Amino acid sequence: MKRYILVTSNCTIFVYADVTDPSPLYIIELKGLMPKKEDSNKPDFYSHTISPESNTGLPFQNKSRESLESVLLKRREGTKDKIAFQFAFDKVEAGENASDEFVTAVLNATKDVKV
């Protein structure tokens, strides 16, 4: 499901259903979260495969579509990097660098935050 996100400098992500919505569906507080771009060839055990490619017939070979990149927001505090949120960016629709720009925005928003 497509969503529109706004990362603010005060450590918050606003999530909208449509680009013209006057108010967000929900808000994500970034304090205590760290972004991690997911390697599609070695996905996190607890992440979700989004829009999988055709099954190769091999067990555990689910892979997201080639045009999708995932970014995980993981908890920092004593939870062994537990996934709090997962974002998927379609390079065709959002641009080649959308996931990198998201990671940079989250890191910039949280750089002065004490956990």
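Overview of results
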{"quantity": "Amide proton proximity set for Glu38, modelled H, under 5 Å, gap of 5+", "calculated": "Ser70, Val71, Leu72"}
{"quantity": "Efficiency of FRET between Gln86 and Tyr4 - r from beta-carbon atoms, R0 22 angstrom, step 0.05", "calculated": "0.85"}
{"quantity": "Heavy-atom accessible area ranking, 1.4 Å probe, most first, across Thr8, Thr104", "calculated": "Thr104, Thr8"}
{"quantity": "Under 5 Å, built H, 5+ apart or other chain: amide partners of Ala84", "calculated": "Leu73, Lys74, Arg75"}
{"quantity": "Whole-Hz ³J(HN,Hα) from phi, Karplus 6.51 cos²θ - 1.76 cosθ + 1.60, for the stretch 88-96, glycine and proline x", "calculated": "10, 10, 8, 4, 5, 8, 8, x, 4"}
{"quantity": "Extended-chain gain in nm, criterion 0.36 nm per residue less alpha-carbon gap, Lys111 and Lys31", "calculated": "27.8 nm"}
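The values are calculated or read from the model by the stated rules, or taken from the named source; none is laboratory data. These numbers come from a predicted model, not from an experiment. So basically every Cβ, Gly included, is an ideal-geometry build from the backbone, and we count neighbours across all protein chains shown. Keep in mind that these areas ignore ligands, DNA and RNA; they rest on the heavy atoms of the full protein, side chains included. Shrake-Rupley method; radii C 1.70, N 1.55, O 1.52, S 1.80 Å.
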